[in-house]
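What follows is calculated from the coordinates using simple rules that are stated; it is not laboratory data. Everything numeric in this text was worked out from a predicted model, so none of it was measured. Note that we place each Cβ from the backbone using ideal geometry, even for glycine, and neighbour counts take in every protein chain shown.
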Amino acid sequence: MSEEPLSPITAAVIGASGFAGGEICRVLLEHPYVETILPVSRGSESFAERHRHLAASGVEFVEAGEAERCDVVFFCTPSGEAARGAQTWLDRGARVVDLSADFRFGDAATYRAAYGNDHPGPDLLAEAVTGIPELYRDTIARARLVANPGCYVTAAVLALLPAVESDVVDLAEVVRIHAINGTSGADATPQRATMHVRVVGSVLPYNLDGHRHAPELEERLTSITRQETRVDLAVAHGDFARGIYLQASVALRAPMTRDQLLQLYLARYGRAGDGEPFVFVDARRRDGGLNEKVYDVYPQMRDVVGSNLCRVGLDVDRRRAVARIVAVIDNLTKGAAGSAVQNMNVMFGFPEMAGLSRCGLG
Ligand SMILES: NC(=O)c1ccc[n+]([C@@H]2O[C@H](COP(=O)([O-])OP(=O)(O)OC[C@H]3O[C@@H](n4cnc5c(N)ncnc54)[C@H](OP(=O)(O)O)[C@@H]3O)[C@@H](O)[C@H]2O)c1
């Protein structure tokens, strides 16, 4: 029996002049099943001026009205725009992938508690599917509307998933997470605090009173574990443009070794891409005596920047019964545009890796 050939599609990108929108265009330009890209911007700059690295593509910005006939639309806009606009695109028959926070929460009250304002269009909240293919692949495949998670949430969920699914984590204790993001995580609006001269050679903490991704992660982990889960998320910007280094510390229910915990991760994600296509477990053996400095057995951000890969590694502090789990991603790729395209691939039945790379720049 022969399978139906896959038809090429047209993709619209709203907010294409921004960091995440520009990265979606970069990814889609190399995508074998995307025939036409319609990047929407309200500004006056040309596409080549705005995205100098994409100037050779010949693509140009269009107005929203020119993008109406598309198969999929990506919202790469500040929160509020997708909630107000998604229904119109769904009515036209397009599928929608939203990179903002508009559809990440199950109900409007949790959104209000996290964002401080009423939800601008709660009617679609019940329909939206969380865009984490490693968890919800089958539901995403049937979805019209996918909510891409926050970049810290993607890294944290992939860091914690095998441990919490295997019930080795004591969730009566708070899950402690510290993460450092590139300055592109702060969006493209110029700000004094994130200027090169202010950030270089430094680390810039922010929102230590509670980042808005903490309630999103709590909702996700609670739904996975069916046990109320509390998260202490502390974030900062590092002096690099893109990439997230995230480290979670969790209390273990019972003593276990690094090897035992790693086996759970390898069983969940596979080895070197033979399981989840975009999760790689750093399982290299850790040699060296007590207090000897050991490098290169944990993931490093350098390994993934420029790719859609999440690398996960870990160790166990046996005296404290604590597991420390590291996840590294590119905030603009696996943390935003790459996972959005991965979700699109799943929604349209394309090979999940189409147009996406597992190789970092190094
Ligand atoms: N940066 C990241 O690492 C990252 C990661 C994950 C998710 N996200 C999410 O992705 C979205 C975009 O983030 P970003 O960092 O790319 O922001 P950005 O660089 O500021 O880009 C946002 C773009 O949205 C457009 N825009 C702004 N206000 C708008 C409005 N009222 N109506 C329509 N378009 C509007 C603008 O384009 P025009 O003015 O040209 O139309 C702007 O270039 C946000 O919701 C963010 O939370 C970002």
In terms of the charge dipole of the chain, which places +1 on Lys and Arg and -1 on Asp and Glu at the beta carbon, the residue among S44, A193, Y136 farthest towards the positive end is A193
Amide H of L145 versus every other amide H placed in the peptide plane: which residues, excluding those fewer than 5 positions away on the same chain, fall under 5 Å?
V96, V129
Could you give the size of the charge dipole of the chain about its Cα centre, using +1 on the Cβ of each K and R and -1 on the Cβ of each D and E, expressed in debye and rounded to the nearest 20?
1060 debye
Assign unit charges at the C-beta atoms only (+1 for Lys and Arg, -1 for Asp and Glu), then state the dipole size of the range 33-149 relative to its Cα centre in Debye, rounded to the nearest 20.
180 debye
In terms of modelled amide H atoms, which long-range or inter-chain residues lie less than 5 Å from the amide H of V169?
R253
Restricting to the chain, what percent of DSSP beta bridges are antiparallel, rounded to 5?
45 percent
Phi angles of the range 122-139, converted by Karplus (6.51 cos²θ - 1.76 cosθ + 1.60, θ = phi - 60°) into ³J(HN,Hα) in whole Hz with x for Gly and Pro, give x, 4, 8, 4, 5, 8, 5, 10, 5, x, 10, x, 5, 10, 10, 3, 5, 5
Mind listing the long-range amide H neighbours of R176? Cut-off is under 5 Å, sequence gap 5 or more, other chains count too, H placed in the peptide plane at 1.01 Å from N.
D232, S249
Given the candidates G18, M301, C76, the one whose Cα lies deepest towards the positive end of the charge dipole of the chain, counting +1 at each Lys or Arg C-beta and -1 at each Asp or Glu C-beta, is M301
Go through the range 155-160 residue by residue and turn each phi into a ³J(HN,Hα) via Karplus (6.51, -1.76, 1.60, θ = phi - 60°); whole Hz please, and just put x for glycine and proline.
5, 5, 4, 5, 5, 9
Taking a ≥ b ≥ c as the square roots of the eigenvalues of the Cα gyration tensor of the range 222-296, is the shape rounded (a/c under 1.5), prolate (a/b larger than b/c) or oblate?
rounded
Send over the semi-axes of the range 100-216's equivalent ellipsoid, whole angstrom and largest first, taken as the square roots of 5 times the C-alpha gyration tensor eigenvalues.
27, 21, 15
The chain, relative contact order [Cα under 8 Å, separation at least 6], %
18 percent
When the helix-only estimate is applied to the chain (DSSP H runs of n ≥ 4, each -39,500 (n - 2.57), divided by the residue count), what is the mean residue ellipticity at 222 nm, nearest 500 deg cm²/dmol?
-8000 deg cm²/dmol
Translational D in µm²/s for the range 33-124 (Stokes-Einstein at 20 °C, 1.002 mPa s, Kirkwood Rh from C-alpha pairs):
145 µm²/s
Sites removed, the longest contiguous part of the chain containing no DSSP-loop trypsin sites (Lys or Arg not before Pro) with at most 12 other Cβ within 10 Å is 93-225
Quick one: work out the % antiparallel among DSSP beta bridges in the range 155-314, nearest 5.
50 percent
Zero-based 5 Å bins, Cα pair distances in the range 108-161, whole percents:
4, 18, 21, 22, 21, 12, 2
Charge dipole of the range 276-362 built from unit charges on the beta carbon (Lys, Arg +1; Asp, Glu -1), centred at mean Cα; most positive-end Cα among N331, L361, A283 is A283
If the elastic network links every pair of Cα atoms under 10 Å, which of D98, D287, D232 fluctuates the most in the Gaussian network model of the chain?
D287
With +1 assigned to the C-beta of every Lys and Arg and -1 to the C-beta of every Asp and Glu, and no other charges, what is the dipole magnitude of the range 182-278 about the Cα centre in debye, to the nearest 20?
120 debye
Can you bin the range 207-249 into rounded, prolate or oblate? Criterion: square roots of the alpha carbon gyration tensor eigenvalues sorted a ≥ b ≥ c, rounded for a/c under 1.5, prolate for a/b above b/c, oblate for the rest.
prolate
